[in-house]
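K.L.:
Structure incoming, see below.
The values are calculated or read from the model by the stated rules, or taken from the named source; none is laboratory data. Note that the structure is predicted; figures quoted are calculated from it, not measured. Reconstructed Cβ throughout: ideal geometry from the backbone, glycine too, with neighbour counts over all protein chains shown.
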Amino acid sequence: MSVLLTRLIRGGAPNMALRGSTLFLRFALSFYIVSQLGLASAGVYGLAIGAIGIVPATVGWGLNYFVSREVVGHTPATAAPLIRDRLIITFASLLAGTLIAVPVLIWQTGEITQTQVLILILLWLETLALDIYMPMIGLELALFANVLVFVRSALWIPIVVGIGFAVPALKTLDMIFIGWILSHLLAIGMLFVYLRRWPMKAGLREEKKLSVLVNRARRAWYIYFSDLGIVGLGYADRFILNALLGLVATGIYSFYFSITNALQTLISTAVVQLALPRMVRAFRGGDPAEWQAELRRQMIKTLTFAAVFSVGIFLATELIFYFAPPGRFPVFRVLLAIMLLAATIRSGSDLLNVSITSMGRDRMYAVNNVAGVIVAIAFGTGFMYFFGLIGAGLSAAATASTLFIVRLVYLRHVLSKMKQSDLSPDPHMATANDPETGMPQR
């Protein structure tokens, strides 16, 4: 039993359970807002979620990509100086953005409301939380990182909903945002308690090397645009669909997207994110064959999990459609099947992207992501124009398949060159200090 439990933990089962619970409670919150607060409040909440998705990439400067990779093999104590410097840059960026955004908001609307202030606070907290979460994955603290995600993103939802039903005067959007903010404070407290087991003070007293990260951001501008591209990819399809087919079709697609996106989020959390430190270690080991074997193991795990959950989600959705009153949900089974297939392929494609990251091929990583947005827009426009709503699903599947093939061909090409030219990394060099961060690359 203990062996089975250990395998489940290492295999990502707890992370999947935490993320699954978070997604479930988020869905429940959406139903609560629509049914109890109205569509206007749901619109404000949706805009807030959109801003929370966009702002971290906008002020992130692409640095999380490097930080999460460079902390691999370290402890929180030895990685503390780098993470501290990264948070200082984030804080300065958020402060500058706030000083620009608030006057513009007041100039446009004549005031700043309590709801807007709460959203602004959440933008700060969510951005800083992401900049802590990403290095924790690289430090192989994924389980505790996802516990914090659950606390700040979902644990408070049943409490706030319960308070709203018990005290109707508190059934407001502001109450939801307040509960969300308080959960962040709880998560921060938990983080401080958890980190006490490591000697953090010595690392935090080390000299600041902000110039290292600033120079990295300047030279790695392509990663920044890549991050913005990834964010844009999440919104492009629905805008194209709305322009071509209208709001009803957009609403149907968004409904099914929320179902299939839950699948990809689970796979990303339970498998893909956990693969990064393992792929980095395999590459630094100096044996291309071992790196290739690790990629094969991770790919089998990713596609197996995705396929099983896709079938489960499809069957569960069918049960809901069967027992729900007629007309309660828009039933488009073919669209759902295509989008689940797209999510499965996209999960494998995401793993290939992680593999490119583990090899330090930063420019190719960025080119892939930016190209992905271009491909998605091109496929989206064409497929939706000719095939209508089903075209949205076909576009998602075609985009995912194209990126999967391109990334796979590229990785095979790089591996072939490494084996033929003996360009594999030297294991002794892998333990040398990084010339930019000063951190030993273990």
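K.L.:
Examine the stretch 317-339 for a residue that is in a helix (DSSP H, G or I), under 30 Å from VAL414 (Cβ atoms) and within 23 Å of the chain's Cα centre (by Cα), and state whether such a residue exists.
P.N.:
no
K.L.:
Let me ask something else. Only one of these is at positive phi and surrounded by fewer than 22 Cβ atoms within 10 Å (Cβ to Cβ): GLY382, GLY360. Name it.
P.N.:
Among GLY382, GLY360, only GLY360 is at positive phi and surrounded by fewer than 22 Cβ atoms within 10 Å (Cβ to Cβ).
K.L.:
How many of the residues making up the stretch 223-243 are of a type in the set (Phe, Trp, Tyr) and at pLDDT below 75?
P.N.:
Total satisfying the criteria: 2.
K.L.:
Which one of these is assigned to a helix (DSSP H, G or I), more than 14 Å from the chain's Cα centre (by Cα) and among the small types (Gly, Ala, Ser): ALA129, ALA101?
P.N.:
Step by step, each of ALA129, ALA101 is checked, and only ALA101 is assigned to a helix (DSSP H, G or I), more than 14 Å from the chain's Cα centre (by Cα) and among the small types (Gly, Ala, Ser).
K.L.:
From (1) in a helix (DSSP H, G or I); (2) of a type outside the set (Val, Ile, Thr); (3) touching a residue at least 60 places away in the same chain (Cβ under 8 Å), pick out the condition that doesn't hold for GLY286.
P.N.:
(1)
K.L.:
Oh, and also: Being more than 22 Å from the chain's Cα centre (by Cα) and not charged (D, E, K, R): is that true of PRO135 here?
P.N.:
No.
K.L.:
Considering only residues that are under 14 Å from VAL147 (Cα atoms) and in contact (Cβ under 8 Å) with a residue 24 or more places away in the chain, which ones fall in the stretch 178-194?
P.N.:
Across the stretch 178-194, the qualifying residues are SER183, HIS184, LEU186, ALA187, MET190, LEU191, TYR194.
K.L.:
Follow-up question, since we're still on this one. Does ILE345 satisfy being farther than 16 Å from PHE257 by Cβ and either of a type outside the set (D, E, K, R) or touching a helix residue (DSSP H, G or I) at 6+ places or on another chain (Cβ under 8 Å) (or both)?
P.N.:
Taking the combined requirement at face value, the residue does not satisfy it.
K.L.:
Let me ask something else. Just name the residue that is modelled with the lowest pLDDT out of those in the stretch 244-256 that are among the small types (Gly, Ala, Ser) and in a helix (DSSP H, G or I).
P.N.:
It comes out as GLY251.
K.L.:
If you don't mind, there's one more thing I want to ask. Can you tell me how many residues within the stretch 117-146 are over 30 Å from PRO76 (Cα atoms) and crowded, with 17+ Cβ neighbours inside 10 Å?
P.N.:
Residues that pass the stated criteria total 2.
K.L.:
One residue is enough: does the stretch 304-316 have a residue meeting the conditions part of a helix (DSSP H, G or I), at pLDDT 85 or above and in contact with an Asp or Glu (Cβ under 9 Å, 6 or more places away or on another chain)?
P.N.:
For the stretch 304-316, residues part of a helix (DSSP H, G or I), at pLDDT 85 or above and in contact with an Asp or Glu (Cβ under 9 Å, 6 or more places away or on another chain): absent.
K.L.:
Something else now. Could you list, in sequence order, all residues of the stretch 272-287 that are at pLDDT below 80 and under 22 Å from GLY312 (Cβ atoms)?
P.N.:
Selection gives GLN273, LEU274.
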